[in-house]
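Notes follow once the structure below has been shown.
FYI, it's all coordinate maths here, none of it is from the lab. Please read these numbers as outputs of a predicted model, since none were measured by experiment. Methodologically, a virtual Cβ is constructed for each residue, glycine included, from the backbone with ideal geometry; neighbour enumeration extends over all protein chains shown.
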Amino acid sequence: MTTSAILLVGGRGTRLLPLTQHTPKPMLEVAGVPFTEHQIRKAAEAGISEIVLATSYKADLFEPYFGSGEKFGIKIKYAFETTALGTGGGIKNAAASLGACDQVVIFNGDVLSGHDLGKQIEFHKSSNADVTLYLTQVIDARAYGCVEVDNDKRVKSFLEKMDNPVSNLINAGCYIFNPDVISSIPVDQVVSVERQTFPDLISSGAKVFGYIDNSYWLDIGTPAALVKASADLVTGKIKSTATPNHLGECLVSNTAQLDPTALIERGSVISPEVVVEAGSKISGSIIGSGAKIASNCVIVDSIIAPNTQITAGMLVFSNYLGF
Ligand code: GTP
């Protein structure tokens, strides 16, 4: 039984503007590497041997970094949409590059999760499902695809973003499709799996199951979430083998120059060639390569773009500078 994967990385990432003006969301650095690398490593560790990146916005930036995938222990292919086809259209377009397989794992390119992908695949096989959705519980489901399941974990309804959610279980952005489900998606058309494919499958009686896992889950689609994801990975709150090895609770490049009186804390990332001058404090933040933080600055829960100069004494709280 072989499992392949598709990683949806073609969105414009508008909630992350201006960070996504020149870099697609999945290529933004989170804990020292492009976010996508965390997902690709997770797929490889679950035994997936082939993954297609479904690209559209800023598509050229993926292949120079990920190449054939050899470095990551997985075969990587690239599918391109000239005009973004939505999540369903992107899956259909990418599936044409996949070899024969028994099931396909689809990852949203902006979810950091601690869920056990191997167990989700086992659950999919043992329940003989057509589709298995990874579901997680949230306090407020209004911004997500809200899902109702019965006692056997069969999905009864899927309602995308609504004011009065019918449950607190949401689509956590990793689903498994049998290949014939992908065959039913129309070619070269804009299709949303959330608004069309899932509701249509449920109403036609297809076997759509929910795999519920309440371990770490975060949608990194906003700047505040992106910086939190990075700090959580660096401090080990969520584990990823893509996070570079480091000592202590921060990730500091050995080419960075830190004044001995500078304080770096709470999962901060200090990238190569960064300079931090005397008395400055960096907490829970990402400092891009070549940035210079002058003396006596305080930078908390923020992202500083590469090569940005922060002048002496600046206080930066939950802000995103230099993009
Ligand atoms: P926002 O504009 O901030 O909502 O971000 P987004 O464009 O990434 O949209 P959203 O978060 O809803 O997308 C979920 C996932 O699907 C992300 O990983 C996107 O990259 C991906 N995605 C969204 N639309 C498309 C598309 O048209 N084609 C492809 N290939 N991927 C898409």
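Could you tell me how many cubic angstrom of Cα convex hull volume the range 3-221 has per residue?
Roughly 119 Å³ of hull volume per residue.
Under 13 Å from a point placed 7 Å out from the Cα of Asn296 along the Cα-to-Cβ direction: which residues of the range 234-278 have their backbone N that close?
The answer is 278.
Stretched out fully, how many nm does the piece from Glu160 to Asn245 gain, at 0.36 nm a residue minus the Cα gap?
Once the chain is fully extended between Glu160 and Asn245, it gains 26.7 nm.
Which listed residue (Val298, Pro34, Ile220) has the Cα farthest towards the positive end of the charge dipole for the chain, taking +1 on Lys and Arg C-beta and -1 on Asp and Glu C-beta about the Cα centre?
The listed residue farthest towards the positive side: Val298.
Per DSSP helix of 4 or more residues, -39500 (n - 2.57); summed, then divided by the residues of the chain. What does that give at 222 nm, rounded to the nearest 500?
Computed mean residue ellipticity for the chain: -5000 deg cm²/dmol.
Please give the peptides 44-54, 313-323 ranked by average Cβ packing (other Cβ atoms within 10 Å per residue), highest first, as a rough proxy for protection.
Highest to lowest by the protection proxy: 44-54, 313-323.
Mind putting a number on the dipole of the range 245-321 about its Cα centre? Charges go on the C-beta only, +1 for Lys and Arg and -1 for Asp and Glu, and I need it in Debye to the nearest 20.
In debye, rounded to 20, the range 245-321 gives about 80.
Within straight cross-link reach of Lys161, meaning Cα distance under 22 Å, which lysines are found once same-chain residues fewer than 8 apart are removed?
Qualifying lysines at Cα under 22 Å: Lys25, Lys153.
Within the set of other residues whose C-beta is less than 15 Å from the C-beta of Ala231, count the net charge using Lys and Arg as +1 and Asp and Glu as -1.
Taking every Cβ under 15 Å from that of Ala231, the sum is 0.
Using unit Cβ charges (K, R positive; D, E negative) and no other charged atoms, how large, in debye to the nearest 20, is the dipole of the chain about its Cα centre?
That gives the chain a dipole magnitude of about 120 debye.
Enumerate the lysines that Lys71 could reach by cross-link, defined here as Cα to Cα under 20 Å, with residues fewer than 8 away along the same chain left out.
Straight-distance partners of Lys71: Lys42, Lys239.
Given labels modelled 7 Å from the Cα in the Cβ direction, how far is it in nm from Lys237 to Thr2?
4.0 nm
Quick one: which residues, 5 or more positions from Tyr144 or on another chain, have an amide H under 5 Å from its amide H? H modelled 1.01 Å from N in the peptide plane, none for Pro or chain starts.
HN-HN under 5 Å from Tyr144: Lys161, Met162.
By average Cβ neighbour count within 10 Å, what is the ranking of 27-37, 9-19, 137-147 from highest down?
So the order, starting with the most tightly packed, is 27-37, 9-19, 137-147.
Please report how far the C-alpha centroid of the range 13-66 lies from that of the range 112-154, rounded to the nearest whole angstrom.
So the two Cα centres are separated by 23 Å.
So for the chain, taking the charge dipole from beta-carbon charges (+1 Lys/Arg, -1 Asp/Glu), which of Tyr320, Gln103, Cys146 sits furthest toward the positive end?
Tyr320
Counting only C-alpha contacts under 8 Å and six or more residues apart, can you give the relative contact order of the chain as a whole percent?
Once normalised by length, the contact order is 16 percent.
Collect residues whose amide H, placed 1.01 Å from N in the peptide plane, falls under 5 Å from the amide H of Gln257; neighbours closer than 5 in sequence don't count.
It is Val274, Val275, Val276, by chain and number.
Would you mind classifying the range 28-145 by shape? Square roots of the alpha carbon gyration tensor eigenvalues, ordered a ≥ b ≥ c; an a/c under 1.5 is rounded, otherwise it is prolate if a/b is larger than b/c and oblate if not.
rounded
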